[in-house]
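Comments concern the structure below.
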Amino acid sequence: MSKKLNIKHSILFRVRVSFILVVLFALAIVYRIGVIQFVEGEKWNALAARIGLQYREVEATRGNILSDNGSLLATSIPFYRLALDPSRPSAQLLQEELDSLAYRLANFFGDASPTRYKRKIIDARESGRRYILLNRKLINYQEKKMIARWPLLRHGRMQAGVLFEKVDKRFRPFNYLAQRTIGFVNENHNGAGLEYSFNETLAGKPGKALFQKTMGGNWKPVPDASEVRPVDGYDLETTLDINLQDVTESALLKALENHNADYGTVVVMEVKTGKIKAMSNLGKLKNGKYGEKYNYAVGSHGLREPGSTFKLMTMLALLEETNIHLSDSIDTGDGTYTFYNSTIKDHEQGGYGKITIEEAFEVSSNIAMARLADRYFGLKPQLFYDYIEKAGLTKPLGFQIVGEGHPKVKKPAEWSGITLPWMAHGYGLELTPMHTLTLYNAIANNGVMVKPYIVNSIRKADKVIREFGPVVMNKAICSPATLSKLQLLLEGVVETGTARNINNAQYKIAGKTGTAVTLKNGRYQKAYMTSFVGYFPAANPEYSCIVVIENPKGFRQYGSSVAAPVFKEIADKIYAKDIAMHLALEDDFEPEYGVFPVIRSGYREDLQFICNQLGISNHTLANEEWVKTKVEDNSVLWRKNQVQPGITPDVTGMTLRDAIYVLETCGYRVKMKGSIGRVKKQSVMPGRKVVKGDKITIELG
């Protein structure tokens, strides 16, 4: 019994001793760590610095920038540099495969002989170097895969010491398309465009890995060292339509070259949402060619006096605040008018004389706008300023690209006696093209002002991290009555005014020309900023667009002859590609002479009476007041002819009396060509929306 107790005590004693030793050992380790960290920290840090060890950042793969349909606008493509740790391979491996490797290197890179490559590796090994860059040339992924199978290198990192150093390069598949809009970020972390504005999102989070500094001053990663892996950046899905972008840039470039202009900008916006579908900025480079060097549409260097495009704002304030009518008269005199010591001139030599307010806007009379603004707001300038402020033209839009210009609109306390009349026709204030476009887009969008935007979403593969959408800045920038009149005025500019050169029969354009004398160093120069801003199709607007071209040379230096044709070229190409904008055309009518009277359309009761009197069989397919005809066998069939207020009817084939009655009922002012026959042509296609007071021309024959 005593013997068993002794054994038990002996075992317990040994356990206690072992436990005490473990505790003491652990305390010793903790103590040593503390000494190393707090007492000898500087010593070991200095040692690490001497042997060149350092935790360095490892860049993440930058996210992509995509168009609205997922096409790549900018992406990061991995390239590699080939490096080697010459101390890794065994002497036998070097002897067996170095010659073959040297031959491959010389043949692939073509910058040195096989002997030189071989000597470079041997010399580095003998001098104790742990890292050499075999060639600075970047190789792509396919080349990397091929090189990894070469002699010596095929044995990998551990046996051969091969290192493929990854270098991401930014690549734009569409080359210079939307270059400034996409933008860049340089080595100093400065930049422009989407790349810079969303740099944090695109860049991701860098990782960390242990590197060692080599004798040549390069840094090589230490194998098997602990590391923090980088988190790749998110992708940006933009609103840009790559096809519209191409159309826009081509049209702008052609105009700039034809007019030898300094620079130009075009923005195409989706009316209902505010999505930017295309944005082009081209300026003359030192070599005389054009390229994207600045975003004039958004940036502060694009701030300019808007000129006549601002007259829309003047008319908005006048129509909202006063009881004037578009048919009221205004005397513009002989083309010059003096306010205090400042003379305002109209473009027309000898002036326009006494004209209606509607005509004054269509021909872009500076004097008319200045006199009207002075008459109604001269004693209450704050009221005029309030309308400008309500329209969102006094502050930045909060656009998604960094560097947006701040509008320069003086407050009434800073105005002189001539500020108001000059501001009324677009001088004495500065706006970016994007601000002007946003105003016109609101008119197209039935008075709803939406914020322009260019980034749809932030994504990680198919997962949406953050989504952007339409933002309403102002639910109604004016009353419905004013809105209808403004839309009528803008359509009139294209139909009979300064932009009639871009009028067409396929679809209606509404907009305003602008020609502003350029202000430089406080003085007006003999140079112009030409512009056109508007929307299309006018009856049911899908797109708004602004074109600005700075300092065109030659005899054509006006918005109508320089900027407006660019707008029409872009609009024509969009219209041609967008089938949804097109209305189906009916088959041409073929009258059967000698069998039936030439009856095509009209008031059903009248046509039935005529047929019955002549003994012609006729049948009703639609019990409507207004009908079209169709001949079937020996009968006339009456079909429905859509006639409703606010929608353009088809009056071809009608008598003049019927056509005028129907068109005026829909809200049109009718002009006619010819004096006999039935309606052969109409200037506005059927189905278009009518704004009361619109003009339509019918041709008889």
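The values are calculated or read from the model by the stated rules, or taken from the named source; none is laboratory data. Worth saying up front: this structure is predicted, and the values here are computed from it rather than measured. Note that each Cβ is placed from the backbone with ideal geometry, even for glycine, and that neighbours are counted across all protein chains shown.
Name the single residue, out of those in the stretch 552-580 being in a helix (DSSP H, G or I) and of a type in the set (Val, Ile, Thr), that is surrounded by the fewest Cβ atoms within 10 Å (Cβ to Cβ). Even if it seems obvious, please write down each step before you answer.
First, pick out the residues of the stretch 552-580 that are in a helix (DSSP H, G or I): 564-577, 579-580.
If we keep only those that are of a type in the set (Val, Ile, Thr) too, we end up with 566, 570, 574, 579.
On the way: Val566: 26, Ile570: 24, Ile574: 22, Ile579: 7.
Ranking the qualifying residues of the stretch 552-580, first place goes to Ile579.
A Cβ distance below 9 Å, combined with a sequence gap of six or more or placement on separate chains, defines the contacts here; from the stretch 71-87, residues that are surrounded by fewer than 19 Cβ atoms within 10 Å (Cβ to Cβ) reach residues that are in a strand (DSSP E or B) and among the polar types (S, T, N, Q) in the pairs Arg81/Asn135.
Within the stretch 271-296, can you find the residues that are charged (D, E, K, R), farther than 27 Å from Ala442 by Cβ and in a loop (DSSP other than H, G, I, E, B)? Explain how you work it out, then say what you get.
So the first thing to find is which residues in the stretch 271-296 are charged (D, E, K, R), and the list is 272, 275, 277, 284, 286, 289, 292-293.
Checking the rest, the ones that are also farther than 27 Å from Ala442 by Cβ come to 284, 286, 289, 292-293.
Lys286, Lys289, Glu292, Lys293 - these are the residues of the stretch 271-296 that are charged (D, E, K, R), farther than 27 Å from Ala442 by Cβ and in a loop (DSSP other than H, G, I, E, B).
Selection over the stretch 654-685 of residues that are under 21 Å from Gln506 (Cβ atoms), in a loop (DSSP other than H, G, I, E, B) and at pLDDT 75 or above gives a count of 4. Which of the residues that make up the stretch 396-408 are outside any loop (DSSP other than H, G, I, E, B) and crowded, with 18+ Cβ neighbours inside 10 Å? Across the stretch 396-408, the qualifying residue is only Glu404. Figure legend. Inter-residue proximity from the stretch 651-678: first residues assigned by TED's automatic domain parsing to the domain that holds Lys628 and more than 13 Å from Leu700 (Cα to Cα), second residues of a type in the set (A, V, I, L, M, F, W, C) and in a loop (DSSP other than H, G, I, E, B), beta-carbon distance below 6 Å, spacing 6+ or different chains. Indicated pairs: Val662/Val643; Val662/Val651; Cys666/Val690; Gly667/Val690.
Residue count for the stretch 231-265 under the criterion of being closer than 20 Å to Asn64 by Cα, in a helix (DSSP H, G or I) and of a type in the set (A, V, I, L, M): the result is 1. Residues that are closer than 25 Å to Thr513 by Cα, in contact with a Gly (Cβ under 9 Å, 6 or more places away or on another chain), of a type in the set (Phe, Trp, Tyr) and modelled with pLDDT under 95 occur at least once in the stretch 425-448. Screening Val268 with (1) part of a strand (DSSP E or B); (2) outside the structural domain of Leu420 (by TED's automatic domain parsing) gives one miss only, at (2).
Pairs are defined by a Cβ separation below 7 Å, a sequence spacing of at least 6 or placement on different chains, a first member in the stretch 152-178 that is in contact (Cβ under 8 Å) with a residue 12 or more places away in the chain and over 30 Å from Arg130 (Cα atoms), and a second member that is part of a helix (DSSP H, G or I) and of a type outside the set (Val, Ile, Thr); the pairs so defined are Leu177/Gln245; Leu177/Asp246; Leu177/Glu249; Ala178/Gln245.
When only residues in the stretch 353-371 that are within 40 Å of the chain's Cα centre (by Cα) and farther than 17 Å from Pro421 by Cβ count, which is surrounded by the fewest Cβ atoms within 10 Å (Cβ to Cβ)? Before the answer, list the steps.
Going residue by residue through the stretch 353-371, those that are within 40 Å of the chain's Cα centre (by Cα) are 355-371.
Next cut, farther than 17 Å from Pro421 by Cβ only: 355-356, 358-359, 362-363.
On the way: Ile355: 18, Thr356: 15, Glu358: 20, Glu359: 20, Glu362: 23, Val363: 19.
Result: Thr356.
In contact (Cβ under 8 Å) with a residue 12 or more places away in the chain and either closer than 22 Å to Phe532 by Cβ or in contact with a Ser or Thr (Cβ under 6 Å, 6 or more places away or on another chain) (or both): is that true of Glu467 in this structure?
Working: in contact (Cβ under 8 Å) with a residue 12 or more places away in the chain: no; either closer than 22 Å to Phe532 by Cβ or in contact with a Ser or Thr (Cβ under 6 Å, 6 or more places away or on another chain) (or both): yes.
Taking the combined requirement at face value, the residue does not satisfy it.
Among the residues of the stretch 385-416, those identified as of a type in the set (Lys, Arg) and in contact (Cβ under 8 Å) with a residue 60 or more places away in the chain are Lys390, Lys408.
Which count do you get for residues in the stretch 432-475 that are under 28 Å from Ser71 (Cβ atoms) and among the small types (Gly, Ala, Ser)?
Residues of the stretch 432-475 that are under 28 Å from Ser71 (Cβ atoms), as a first pass: 432-434, 437-438, 441, 444-445, 450-471.
Narrowing the set further to residues that are among the small types (Gly, Ala, Ser) leaves 444, 457, 461, 469.
So the count comes out to 4.
Quick one: would you say Ala442 is surrounded by fewer than 22 Cβ atoms within 10 Å (Cβ to Cβ), among the small types (Gly, Ala, Ser) and closer than 26 Å to Asn281 by Cα? No; evaluated as a whole, the condition is false for this residue.
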